[in-house]
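Written below as structure tokens is the structure these notes are about.
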Amino acid sequence: MTFNPLRERGVPLDRQVRNWRELNVDPIDPDRCDPYTRCRIITMNGIEVEALMFSHHMARHCPDPEVKRQLASVRYCEAQQQKAVNWLLPGVASVLETTIAYEQVAVDLTAWVARMEPDPYLKQAYQFGVLEDFDHLYRYANLYEMIEHRKAEEIVDNLTEVMPGRPTRFHHRDPVDNVRDPYDRNQAHPLSKLHALTIMAAEQQTMNFYLNVGPEYMEPIARQLYQEIGLIEEEHVTHYESLVDPGETWWEQLVNHEYNECYLYYSFLQQEPDPKVRAIWELHLNMEIEQLRAACELMRRHDGRDPEELLPAELPEPVKFEPNKGYIRELLDTQIDLTTLGAGYVREAHERFEAMQERLQGEEPPASDRVMEMHREMFGREYRLETEGEHPDPSLRVHG
């Protein structure tokens, strides 16, 4: 069944503000929920935070006080949506448990987007990034067993494998090599624009989470690992945000943000097994339909263009959280040794890459290496979760 949010009517904007009782959502049961329900919650929190921050930045650049007021009115409703979504997470999870869930989102959401992306250059950007998030999951899983003496399989529920990806030590690149070429807003497939916004928002959320929670640990190795991977998440945000055409007007970007929220709420509504969470996805979709309509009106009035000229006639195939084990293994076999050079990718460690490695790493191994050494000393092994047979260690084949 096709769905075009531009042709639907949702909750009127003047009825979207909720009272405290309505905002007091019941959190999910961490022992009974589908792990991908948690992933969908984390994803939509990142999407809502991106919508909020974009609206604030747009307001800071807008000289029209009436537009500022309209943005503020919608933004307040978006802020309530973000609170309702994020408060679905239970308070019993430790920071590391939430971290592992964030990395599961990064792996399976980015892998799905890479599989569906129609543009080869953009597809490569997602394939490159997912192998790094995959390794982050592996490092944090070992830290989790060391500190909390529990296994990551209790969180990822065998849906996502835990094994080495592109080793984290090789993710530290010269900043100039993290900037990709943007899509052309006049030529890009509408799905490509939605993908870029989605993964940028998800990685931005992870970056913000790590830069705030890293100092909460007393264990030096935990503090250092969050510091290291937090810097890499900054690289990832640079990597993904540079894919968006900077020539898009503020009005065009506003419409794209609202349309993407409709797309994701609609997608997750199709897949969600938890009735309480599903009801929130449905409510927020109906709210976003009207927020999109308001953004389209602003674009017509101030940009002189009809949004229907830019947007697809119907929502694309719904985004799905599902296992991507075979796809990840294929990427491990074919792309593990890539690094970036300028806006492209190479297999050899080039001069800028080696200079950055030498400057950053110094004489002490990075935390991502030391956490593995400490885990092996503590348990006599490393923690892995391989669900179907044995796989070669990809870390032995990187930057020879």
Number of the condition not met by Arg21 [criteria: (1) part of a helix (DSSP H, G or I); (2) without any contact (Cβ under 8 Å) to a residue 40 or more places away in the chain; (3) under 20 Å from Leu298 (Cβ atoms)]:
(3)
Take Arg9 and decide whether it is assigned to a helix (DSSP H, G or I) and either modelled with pLDDT under 95 or basic (Lys, Arg) (or both).
no
Exactly one of Val107, Val67 is crowded, with 24+ Cβ neighbours inside 10 Å, in a helix (DSSP H, G or I) and in contact with a Leu (Cβ under 9 Å, 6 or more places away or on another chain), and that residue is Val107
Could you look through the stretch 378-391, keep only residues that are outside any helix (DSSP H, G or I) and surrounded by 11 or more Cβ atoms within 10 Å (Cβ to Cβ), and pick out the one that is modelled with the lowest pLDDT?
His391
For the stretch 359-377, what are the residues that are in a helix (DSSP H, G or I), open to solvent by 50 Å² or more (accessible area, probe 1.4 Å) and modelled with pLDDT under 95?
Arg359, Leu360
Subset of the stretch 334-345 that is touching a residue at least 40 places away in the same chain (Cβ under 8 Å) and not hydroxyl-bearing (Ser, Thr, Tyr) - its residue that is surrounded by the fewest Cβ atoms within 10 Å (Cβ to Cβ):
Gly342
Residues of the stretch 92-122 satisfying the condition of being without any contact (Cβ under 8 Å) to a residue 12 or more places away in the chain and among the acidic types (Asp, Glu)
none
What number of residues within the stretch 282-305 satisfy the criterion of being part of a helix (DSSP H, G or I), among the charged types (D, E, K, R) and farther than 17 Å from Glu8 by Cα?
3
Please state which one of Glu354, Glu348 is open to solvent by 80 Å² or more (accessible area, probe 1.4 Å), in contact with a Ser or Thr (Cβ under 9 Å, 6 or more places away or on another chain) and either of a type in the set (Asp, Glu) or farther than 20 Å from Asp174 by Cβ (or both).
Glu348
Restricting to the stretch 110-134, give me the number of residues that are part of a helix (DSSP H, G or I), open to solvent by 10 Å² or more (accessible area, probe 1.4 Å) and more than 19 Å from Asn178 (Cα to Cα).
2
Give me a count of the residues in the stretch 78-103 that are more than 12 Å from Ile41 (Cα to Cα) and open to solvent by less than 10 Å² (accessible area, probe 1.4 Å).
5
Please find, within the stretch 135-162, the residue that is most open to solvent (accessible area, probe 1.4 Å) out of those that are in contact with a Pro (Cβ under 8 Å, 6 or more places away or on another chain) and not hydroxyl-bearing (Ser, Thr, Tyr).
Asp157
Which residue is surrounded by the fewest Cβ atoms within 10 Å (Cβ to Cβ), if the candidates are limited to the stretch 306-333 and must be of a type in the set (D, E, K, R) and not in a helix (DSSP H, G or I)?
Glu317
Residue, most open to solvent (accessible area, probe 1.4 Å), within the stretch 211-248, restricted to residues that are outside any helix (DSSP H, G or I) and farther than 22 Å from Asp119 by Cα:
Met218
Kindly evaluate Glu50 against the criterion of being part of a helix (DSSP H, G or I) and without any contact (Cβ under 8 Å) to a residue 12 or more places away in the chain.
no
When the residues of the stretch 24-47 are filtered to those that are of a type in the set (A, V, I, L, M) and in a loop (DSSP other than H, G, I, E, B), which remaining residue is farthest from Arg300 (Cα to Cα)?
Ile28
Just one of the numbered conditions (1) more than 22 Å from Asp157 (Cα to Cα); (2) in a helix (DSSP H, G or I) is not true of Glu97; which one?
(1)
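The values are calculated or read from the model by the stated rules, or taken from the named source; none is laboratory data. What you see is a predicted model; the values in this text were computed from it and never measured. Backbone-built Cβ (ideal geometry, glycine too); neighbour counts: all protein chains shown. In case anyone asks, the SASA skips ligands and DNA or RNA and just uses the protein heavy atoms, side chains included. Shrake-Rupley method; radii C 1.70, N 1.55, O 1.52, S 1.80 Å.
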